[in-house]
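The values are calculated or read from the model by the stated rules, or taken from the named source; none is laboratory data. Note that the structure is predicted; figures quoted are calculated from it, not measured. Cβ placement follows ideal geometry from the backbone for every residue including glycine, while neighbour counts extend to all protein chains displayed. Note: accessible area is taken over every heavy atom of the protein model, side chains too, but ligands, DNA and RNA are not part of it. Shrake-Rupley method; radii C 1.70, N 1.55, O 1.52, S 1.80 Å.
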Amino acid sequence: MKLHTTDVIIIGGGVIGLAIARKLAQANQKVALFERNAQPGGEASWAAAGMLAPQAEAAGPGVMLDLCLASRALYRNFASSLQQETGIDVELRTEGTLLPTFAENPEPLRKFADWQQKAGLRAEFIAAEETRRREPHLSERITGAVWLPDDWQVDNRRLTRALIAAVYAAGVEIHCNAANLKVCIERDRVTGVEVGLERWSAPVVVNAAGSWAAQMPRELLRLPQASVRPIRGQMLALDMQPPTLLRHVIRTEQAYLVPRRDGRLVIGATVEDGGYEKTVTAGGVAALLNGAIEVVPRLAQMPLLETWAGLRPLAEDQLPILGETDLKGLFCATGHYRNGILLTPITAEIIASLIVGEDPAVPVASFSPRRFSA
Ligand SMILES: Cc1cc2nc3c(=O)[nH]c(=O)nc-3n(C[C@H](O)[C@H](O)[C@H](O)COP(=O)(O)OP(=O)(O)OC[C@H]3O[C@@H](n4cnc5c(N)ncnc54)[C@H](O)[C@@H]3O)c2cc1C
């Protein structure tokens, strides 16, 4: 068996594994990253819509909202340092988000804006006329909207490409086609991984395998099999004509619309709890198109460019899983569900701090993998 030695091993080459690898390599750690597919970045991180939406996603105040806000606050620097390192613009768009409603009584939306304001966040209920002044192609049937100026978006496919380039530039080894990877344990701690006839020794292994994080043998990865499962999201893209037809992220109960700078309009997403299947269905696409055309009727004229589906990693209690497991040296960074693009910078900071023995900048006890230990 061929032997290698490194400081940290990362399993999974999505945005989470890549961002952790980058952060650690920049802190002078020797990092090896293992990706099961032929290329990194081809799963949820590629499939996402790229909304950075702590406020639109929040059901109320709490630890999850705090974590999401902390990550959003890092995004401007995260995007600009990636551009400096790689020359790739991840197209962070800060025009903000509109949540239009068709309801005769928009009281629930007003209440939503109220609790956010009380929590110190910028959120405002605006009348239909003002909403359409900001986005003239919205349906004449809308009765108002909540305006969230600080919920932004990034092009997640560009982000993934930038992270791959940054990780290579920082000297991380990426090993693709790493199927059947085995985690090695000696006595009470992790000691590395084996892939085929090669072995990498390291005192730290990070499980960043997204929806597959709990699919490795339970005794090795210390996560119950049911603790992380995939939630399918179907998506599609239209070719906006003109390319500046919409500027804001627009979210209704039926669909969200995310306009990219190049004129692609990303529309999503279904939420389906049906295993690891990534099929795109007629019903899924029809529901998304109906929802999109209802809120922006002109979209009925636009060419359909692409359809796809991806799997969001959902933890049992819907919170991310961040930190060291009860096996020494084995860390988890998964369960980011609908917010993994948003949570990428804070996750990298938290996991890198824990690995190098520093206190993370935000409270992390609620996200510990140890919460699943019997
Ligand atoms: C349709 C959809 C829309 C979304 N929209 C948004 C959004 O607007 N905003 C937002 O913040 N988030 C969004 N998300 C969520 C976000 O995409 C995810 O939370 C995030 O990408 C998770 O990143 P990850 O690196 O953990 O997972 P992934 O990107 O899935 O990466 C995990 C990687 O691990 C690899 N892997 C798995 N098992 C192994 C193994 N045994 N060995 C080696 N490698 C392995 C996989 O091949 C994969 O490349 C969306 C997700 C979907 C599906």
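How do the peptides 144-154, 253-263, 171-181 rank, highest first, by the average count of neighbouring beta carbon atoms within 10 Å per residue?
Values: 144-154: 23.2, 253-263: 18.7, 171-181: 15.9.
Sorting 144-154, 253-263, 171-181 by mean packing, highest first, produces 144-154, 253-263, 171-181.
Please tell me the relative contact order of the chain in percent, rounded to the nearest whole number, where contacts are Cα pairs under 8 Å and at least six residues apart. Walk me through the numbers before you get to the answer.
Working: 847 pairs, mean separation 87.2, N = 374.
With pairs under 8 Å counted, the relative contact order is 23 percent.
Contour minus end-to-end for Glu198 and Thr143, with contour as 0.36 nm per residue of separation and end-to-end as the Cα-Cα distance? Let's see the in-between values first.
Details: separation 55, 0.36 × 55 = 19.80 nm, distance 6.21 nm.
Difference between extended and current length: 13.6 nm.
Relative to the Cα centre, what is the charge dipole magnitude of the stretch 61-177, using +1 at the beta carbon of each Lys and Arg, -1 at the beta carbon of each Asp and Glu, and rounding to the nearest 20 debye?
Working: 14 positive and 17 negative charges, 8 e Å.
Taking the Cα centre of the stretch 61-177 as origin, the dipole is about 40 debye.
Roughly how big is the chain's charge dipole about its Cα centre, with Cβ charges of +1 (Lys, Arg) and -1 (Asp, Glu), in debye to the nearest 20?
Values: 39 positive and 41 negative charges, 82 e Å.
The dipole magnitude comes to about 400 debye.
Under 15 Å from the Cβ of Thr5, count the other residues' Cβ atoms, weight Lys and Arg +1, Asp and Glu -1, and hand me the total.
Values: positive: Lys2, Lys30, Arg199; negative: Asp7, Glu173, Glu186, Glu194, Glu198.
Combined, the nearby Lys, Arg, Asp and Glu give -2.
In terms of modelled amide H atoms, which long-range or inter-chain residues lie less than 5 Å from the amide H of Val206?
Ile9, Ile10, Ile11, Phe331
Suppose every K and R has +1 on its Cβ and every D and E has -1 on its Cβ; what is the size of the dipole of the stretch 129-219 about the Cα centre, in Debye to the nearest 20?
Details: 12 positive and 13 negative charges, 33 e Å.
Its charge dipole is roughly 160 debye.
With unit charges on the beta carbons (Lys and Arg positive, Asp and Glu negative) and the dipole taken about the Cα centre of the chain, which residue among Pro297, Trp147, Leu33 sits farthest to the positive side?
The Cα lying farthest towards the positive end belongs to Leu33.
Quick check: residue separation of Leu304 and Val362 times 0.36 nm, minus the Cα distance between them. What number comes out in nm?
Values: separation 58, 0.36 × 58 = 20.88 nm, distance 4.22 nm.
Additional length available on full extension: 16.7 nm.
Tell me the net charge near Thr160. Cut-off is 13 Å between Cβ atoms, Thr160 excluded, with +1 for each Lys or Arg and -1 for each Asp or Glu. Please list the in-between numbers first.
Values: positive: Arg22, Arg157, Arg158, Arg161; negative: Glu35, Glu43, Glu91, Asp155.
Net local charge, Thr160 excluded: 0.
Once you have the Cα-Cα distance between Ala73 and His4, take 0.36 nm times their residue separation minus that, and quote the gain in nm to one decimal.
Working: separation 69, 0.36 × 69 = 24.84 nm, distance 3.82 nm.
Between Ala73 and His4, full extension yields 21.0 nm more.
Could you check the simple spin-label distance between Tyr276 and Asp66, using points 7 Å along Cα→Cβ, in nm with one decimal?
Going by the 7 Å Cα→Cβ label model, 3.6 nm.
For the stretch 122-192, state which trypsin sites (Lys or Arg not before Pro) are in a DSSP loop and have at most 15 other beta carbons lying within 10 Å of their beta carbon.
Working: sites: Arg122, Arg132, Arg133, Arg134, Arg141, Arg157, Arg158, Arg161, Lys182, Arg187, Arg189; in loops: Arg122, Arg141, Arg187.
Passing sites in the stretch 122-192 are Arg122, Arg141, Arg187.
How many lysine pairs does the chain hold where the Cα atoms are under 23 Å apart and the two sit 8 or more places apart or on different chains?
Details: Lys2/Lys30; Lys2/Lys182; Lys23/Lys328; Lys30/Lys182; Lys30/Lys328; Lys182/Lys328.
Counting lysine pairs in the chain gives 6.
Would you mind working out the accessible area per residue for the chain, using a 1.4 Å probe, and quoting it in Å²?
Values: 15800 Å² over 374 residues.
Accessible surface, normalised per residue, equals 42 Å².
Per-residue HN-Hα couplings for the stretch 97-105, Karplus 6.51 cos²θ - 1.76 cosθ + 1.60 at θ = phi - 60°, whole Hz, x for Gly and Pro?
Listing the rounded values in order: 10, 10, 10, x, 10, 9, 5, 5, 10 Hz.
What number, rounded to the nearest 500 deg cm²/dmol, is the helix-based mean residue ellipticity at 222 nm of the chain, given -39500 (n - 2.57) per DSSP H run of at least four residues and division by all its residues? Don't skip to the end; give the middle numbers.
Numbers: 10 runs with 108 residues, N = 374.
-8500 deg cm²/dmol, from helical runs alone.
For the stretch 61-218, give the percent of accessible area contributed by carbon and sulfur heavy atoms, probe 1.4 Å, rounded to a whole number.
Values: 3590 of 7470 Å².
The value for the stretch 61-218 is 48 percent carbon and sulfur by accessible area.
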